[in-house]
Amino acid sequence: MKYRFVKKRPEISTEEINSLRDFDSVLKGSRRILDFAYKGKLLWTLTIPVAIVVYTLVVNQTPVQEPQDHELNQPAQEEVPATPLQEQEADEEPKKPEAKPEIQPTESVAKKAEPQKPIVEKLEQPLEQPTEDNETSEELIKEDIYLKAEPKMGFKDFYAFIDNELTYPELARKDSIQGHVKVLFSIDKAGAVSGVTVLESLGDLFDNEAIRVIKRIPEWNPATFNGEPVPSRMSLKLTFKFSK
Amino acid sequence: MDSQLANKVELDEQLIIEQSKKDPKRFGAIYEKYHEPIFRFVYSRVGQLEASKDITSSVFYKALAHIRKYRDQGLSFSSWLYRIAVNECYDFFRAQKKYRTVALEDYMHADLLEELQLEEDEKEIWMNSLPSLLESLDSKDLELIELRFFESKSFKDVGFILGITENNAKTRTYRVLGRIRKEVRNFS
């Protein structure tokens, strides 16, 4: 979740809020949901009997072929290892004796399972979907807003600079240590870096290298509130990877 | 006397809810009572007037549409509205790819500072580090703090609103506060 920091809560008077009241739209909205739910129920009550009839017809038709299929399929099932799909289907419907040897019932099981998938996805998606907020400058250039400090060269060049500058300590090479050092530092109103400390250490060799690089980073644009520079702190992870 | 009055108000509210199940227009009294607090709650998170108006409206019409499912669990009806409001806000952030507004001044609230047990010199550090500290919190942890300290909700309410148990709300809040305290001390 991305946050947009403002100094104070947006202010609004009770009168203004009351002028936004619209109970009719609440009644309409609720009616819309109930109508939709009713139609949905109606659709289900009509669809389910039809589905049951179709299913029983399909199941009743298949026993004509069953003895042959049964005999033909049985040895094959014992000898040939089941494909992952078959295994899955067998897991899903282990107790249906008719379903096992026949192809058709398993197909109908697969068909039944298919529409369930999107529902699960729909339920899970809103919870897990990452918020890819677009940094619309329009939204950020607003009054009463906090803007984080950023390197004068811009973050893209800044990360390239770190990549270029950060060197794996030669003395640690024999131990093949990999990981990150998390550093914290202050950026004053003028954009100068100070007070570099290590929050997550990877050992002195790496910590010192991380501190050295952070201290070498040229000027910063300080954080601002309504365009006014304010002191801020920033934490950064510097990753050390063992190569060669 | 006060508690008798409070009980009467609760009973009246229950009565209106029961009546609303049969006659949705009766819900108007609930709407009048909670429209402003729910609107303010949404507006403080969304920060846009028009969107807040729509979200608040959807909170009430969803509550009304599902009012038959509402069961009195010893919590005020408003907790149910806040629960819907939180979900509606986060649906909005996801669907519209919007930022969640955070008012930094709120985080200088005396109750929160007391709970964080910060020394005087640490308070300034806390203020300067707020954005980077808060950015490291996930939305549920941020809501825990805001509901508890800025909306003054009980842990029972907080838990219900966020869909976790009361105990979990309590434990998680103190764990988050502990983590923040530790980070502020690291900063100093």
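Bear in mind these aren't lab numbers, they're just calculated from the coordinates by the rules spelled out. Since we're looking at a predicted model, the values are computed, not measured. Here Cβ is always computed from backbone atoms with ideal geometry, including for glycine, and neighbour counts include all displayed protein chains.
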Mind checking the mean number of beta-carbon atoms from other chains within 10 Å of the Cβ atoms in B:91-98? 4
Ranked output for segments A:5-17, A:176-188 by mean other Cβ atoms within 10 Å, highest leading, reads A:176-188, A:5-17
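Calculate the FRET efficiency for A:Val59 and A:Phe36 from the Cβ-Cβ distance with a Förster distance of 51 Å, rounded to the nearest 0.05.
0.95
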Ranked list, fewest to most other Cβ atoms within 10 Å of each Cβ, for B:Thr171, A:Thr47: A:Thr47, B:Thr171
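Can you tell me the dipole magnitude for chain B around its Cα centre, using point charges on the Cβ only (Lys, Arg +1; Asp, Glu -1), in Debye to the nearest 20? Don't skip to the end; give the middle numbers.
Details: 30 positive and 32 negative charges, 223 e Å.
Value, rounded to 20: 1060 debye.
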So what's the gap between the Cα centers of the range B:134-188 and the range A:178-211, to the nearest angstrom? 28 Å
Interchain or long-range residues, amide H under 5 Å from B:Ala103's placed H: A:Val6
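Loop only per DSSP, at most 14 neighbouring Cβ atoms within 10 Å: give me the chymotrypsin sites (Phe, Trp or Tyr not before Pro) in the range B:108-163, ordered by residue number.
none
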Pairs of alpha-carbon atoms within less than 8 angstrom and 6+ residues apart define the contacts here; what relative contact order does the range B:136-179 have, in percent? 32 percent
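Please label the shape of the range A:1-52 as rounded, prolate or oblate, based on the square roots a ≥ b ≥ c of the eigenvalues of the alpha-carbon gyration tensor (a/c under 1.5 means rounded; beyond that, a/b larger than b/c means prolate, else oblate). Don't jump to the answer; show the numbers that get you there.
On the way: a/c = 11.25, a/b = 2.19, b/c = 5.13.
Verdict is oblate for the range A:1-52.
Would you mind checking A:Lys148/B:Lys97; A:Lys2/B:Lys123; B:Lys53/B:Lys170; A:Lys39/B:Lys21; A:Lys28/B:Lys153; A:Lys41/B:Lys21 for any pair whose Cα atoms are more than 22 angstrom apart? Present the calculation step by step, with values, prior to reporting the outcome.
Details: A:Lys148/B:Lys97 20 Å; A:Lys2/B:Lys123 24 Å; B:Lys53/B:Lys170 31 Å; A:Lys39/B:Lys21 20 Å; A:Lys28/B:Lys153 31 Å; A:Lys41/B:Lys21 19 Å.
Listed pairs above 22 Å: A:Lys2/B:Lys123; B:Lys53/B:Lys170; A:Lys28/B:Lys153.
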Express in % the proportion of alpha carbon pairs of the range A:145-240 at distances exceeding 20 Å. 38 percent
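Is chain B rounded, prolate or oblate when judged by the Cα gyration tensor, a ≥ b ≥ c being the square roots of its eigenvalues, rounded requiring a/c under 1.5 and prolate requiring a/b larger than b/c?
Values: a/c = 2.44, a/b = 1.72, b/c = 1.42.
Verdict is prolate for chain B.
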Using +1 on the beta carbon of Lys and Arg, -1 on that of Asp and Glu, and nothing else charged, what's the dipole of the range A:145-240 about the Cα centre, debye to 20? 120 debye
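For A:Arg216 and A:Asp22 in one chain, what is 0.36 nm times their gap in residues minus the Cα-Cα distance, to one decimal in nm? Present the calculation step by step, with values, prior to reporting the outcome.
Numbers: separation 194, 0.36 × 194 = 69.84 nm, distance 5.82 nm.
Length difference between fully extended and current span is 64.0 nm.
How many Cβ atoms of partner chains, on average, are near each residue of B:52-62 if near means within 10 Å of its Cβ? Before the final figure, lay out each step's value.
Numbers: counts 4, 5, 2, 0, 5, 8, 4, 1, 8, 11, 4.
Taking all residues of B:52-62 together, the mean is 5.
How shielded is B:122-131 by partner chains, expressed as the average number of their Cβ atoms within 10 Å of its Cβ atoms? Spell out each step's value before the answer.
Details: counts 0, 0, 1, 3, 0, 3, 8, 7, 4, 11.
Mean partner shielding for this stretch: 4.
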